[in-house]
Amino acid sequence: VYGEFLYNKRESEQESFRQLFPNVAATNPSNPFGVTARAIPMIPSDSSQEVTFKRAVLGATGDFSLFGRDDWSYDVYAQMTQSDADYTNDIIYNDRVIATTGSTACNAAAITISGPVTCQAINWFNPTTVTTGVFSPAEAAFLFTKETGTTSYDQKLYGGSVSGTLFDLPAGGVGGAFGVEYRTDEIDDIPGFNARNSNLWGQTAAGRTKGSDTVKEVFGEFEVPLLKDLPMVEKLTLNLSGRWTDYESYGSDTTYKVGLNWQIEEQLRFRGSVGTSFRAPALYELFLANQTAFSAQTSVDPCIRWDTSSNPQIVENCGPNGIGLPVGWTNPNSSALIITGGGAGVLDAETSDAYTAGFVWTPDYLPFRAAIDWWRIEVDNQVAQFGSANITNQCYGDPDFPNSPFCDLFTRELNVNAPNYGQITEVRNSYVNIANQVAEGVDVNFRLQKDFGEYRFTTNAELTYNFVDTTQTFETFPEEQNRGLLYNNKWVAQIDFRLDNGPWSYNWSMDIYSAASNDAYYGGDTFGWRGFADCAFSTSTTCVSGKYDQSVGMHITNDVSVRYRAENWEVVAGVDNLFDKDPPLLSTGSGANRIGNAIAISNYDVLGRRYFLSAGYKF
């Protein structure tokens, strides 16, 4: 009988600031200007989280006899997991801001959600408030508060399996393993009262996310020795496995894997497999209640200065031949509303097919081992979010505009008489299925180990090279080639060099990323510059083109460390990013996540040189 219990509690907090910039009516007693005006104080906007995680496992394992054999074993278990979180944020009451920025000092009738409360006039243009962000105690108590939401996630899992030898073949015994599993999952996220009722000024509103699912599974696996001790066949083994899965939310499906392992002789082995997988959307992806957030028009509107665009489709679709926005359009309107939500009743389950083939070479006359494996993975109906900017860019960049499916996912005000003419008012960025994704490549692993007297030298090298990396968003869309774009390097590699001498170990490692560029994706690297029309696509007499740097060369970072290991303790010291290698620099508008002009993603180290020291003791 065995058991396990884990308890973990995490407390974290973030200190930040934000701007508060409501429009104050011209007749408001606090407004000295006689016209609608904004005060823009900088105020605290802190947040904190407390997460408690508990996990308990109870099981039993043992041996028994079956089919006249004593090598059978069983394992039965139950597991319960519970995660509870509280998240607290500084908020601004939206209805109270509205009540104090209208034509009167404080309109109690406007406080429809956070009331009843005694109205408190706000001196919005108090010089001290504007310059320091400090309101009077009465004003601060009226406008601001802290609000806490809660999230709970519970899982119960019960399962069992048996394994052993079924019968003998000339090449050996046929092994089998069989099992069942039953799992329930529940999620319940309850944002604070004002968040649920859209009463947060300038912040995300959210509904309650609540749902559950039940999964039943039955699985089996067979290891079948087909041949052994023959010319060119030291051992040939077939592996067969299958699983039946039944989701309460999505029904049932079956998956399988077939693998073959061919040991030609002691030093050379071939291997390959074919398999499938099935994943129903997670609870969060299914039941997420509508969440709202805001995004600047400059972040979501590709038609801003459409006449300077390098994309002829955007020039066509945004200009006089499309939706008719004027030349030099800057979209001075307020932020767009971004809505995200779950896909219960809409999303399909993800499925995939995977193929592998490779070999392992371990010559006894050379001090190295090598393995090369080809792989191809095809995923259908992957659950994802497009991103609000991708939605609008795909719509206006499509030759089939306005019939692109992306054009149905957002709304733009095109009434020229409307005060917010041209504004993208809403983008619906909920979870959807992507039609198809394909990745194909090869993994190369190399290990060299050689003794030189009392020193042992070891080198490990790993390389992944991509042949194919495509995405097809909808079935009617062409495939998009991602290979070679930023974040989709054609190849990546890691090389380690280690020298061991008794208790001492010296290590040097290199992370290497191939060159990448978004030039092909954006149709070049020369576009209209700083609001001027691009000469390539505009008839404007004022056209200035600028070259944008959206490419990175091969990137290498180096780490070194020294370790001393005694019988019961060890110490490791080292330097990450030894040569203080900076991440590549890119132009604004390169389509990359950036910190300043430095590319920011896991591929590239943005922290620079740093030192570490760790010690461990075993008892």
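The values are calculated or read from the model by the stated rules, or taken from the named source; none is laboratory data. The shown structure was predicted, so the numbers you read here are calculated from the model rather than taken from an experiment. All Cβ positions, glycine included, derive from the backbone under ideal geometry; neighbour counts span all protein chains shown. Just the protein is used for accessible areas: all its heavy atoms, side chains included, with ligands, DNA and RNA removed. Shrake-Rupley method; radii C 1.70, N 1.55, O 1.52, S 1.80 Å.
At-a-glance table
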quantity	calculated
Alpha-carbon Rg with Dmax, taken over region 546-619, Å	17.9, 64
More than 25 angstrom apart: percent of Cα pairs within region 80-207	53 percent
Entries in K54/K210; K450/K618; K490/K581; K235/K257; K490/K547; K9/K618 that, when Cα-Cα distance is taken, lie over 27 Å	K450/K618
Relative contact order computed over region 100-194 (Cα-Cα under 8 Å; 6+ residues apart), in percent	25 percent
Formal net charge of residues neighbouring G574 (Cβ-Cβ distance under 12 Å; K, R +1; D, E -1)	+1
Distance from region 317-347 to region 29-64 (C-alpha centre basis), Å	29 Å
FRET efficiency, F497 to A520 (Cβ-Cβ, R0 56 Å, nearest 0.05)	0.95
Rg in Å to one decimal, and Dmax rounded to a whole Å, for region 167-228 via C-alpha atoms	25.6, 76
Intensity falloff of region 49-127 expressed as log10 I(q)/I(0), Debye formula with alpha-carbon point scatterers, at q = 0.11 Å⁻¹	-0.59
Bins of 10 Å, starting at 0 and running to the largest distance - Cα pair percent for the chain	3, 10, 16, 22, 23, 14, 8, 4, 1, 0
Relative contact order, percent, region 150-257 [alpha-carbon distance under 8 Å, six or more residues apart]	23 percent
Per-peptide average of other Cβ atoms within 10 Å, ordering 238-247, 603-612 highest first	238-247, 603-612
Proximal charge balance of V180 [Cβ under 13 Å; K/R count +1, D/E count -1]	-1
Region 339-449: translational diffusion in µm²/s, Stokes-Einstein, Kirkwood Rh over Cα pairs, 20 °C, 1.002 mPa s	118 µm²/s
Backbone HN-Hα couplings from phi across region 104-109 [Karplus 6.51/-1.76/1.60, Hz, Gly and Pro as x]	10, 4, 7, 9, 4, 5
At 0.890 mPa s and 25 °C, Stokes diffusion of region 1-90 via Kirkwood alpha-carbon radius, µm² per second	127 µm²/s
Sequence-separation-based contact order of the chain, relative, with Cα cut under 8 Å and 6+ spacing, percent	7 percent
Residues of the chain: accessible area per residue with a 1.4 Å probe, Å²	53 Å²
Hydrodynamic radius by Kirkwood, which averages 1/r over all alpha carbon pairs of region 416-506, in angstrom	18.3 Å
Carbon + sulfur, % of accessible area of the chain - ligands and nucleic acids excluded, 1.4 Å	55 percent
Euclidean distance between Cα centres, region 92-123 to region 293-312, Å	36 Å
Under 5 Å, built H, 5+ apart or other chain: amide partners of T526	Y548
Estimated inter-spin distance, T298 and E454, nm [label 7 Å along Cα→Cβ]	6.5 nm
Residues listed by number, region 488-516, amide nitrogen under 18 Å from R610 label point at 7 Å toward C-beta	509-511
Cα coordinate range in region 215-333, projected on the principal axes (Å, largest first)	79, 39, 22
Label-to-label distance, nm, for residues given as M554 and E186 (7 Å Cα→Cβ offset)	5.7 nm
Mean ellipticity per residue at 222 nm, deg cm²/dmol - from DSSP H runs of n ≥ 4 across the chain, formula -39500 (n - 2.57)	-2000 deg cm²/dmol
Most to least packed among 444-450, 33-39, 296-302 [average Cβ atoms within 10 Å]	296-302, 444-450, 33-39
Alpha-carbon centroid distance for the pair region 446-484 / region 192-257, whole angstrom	26 Å
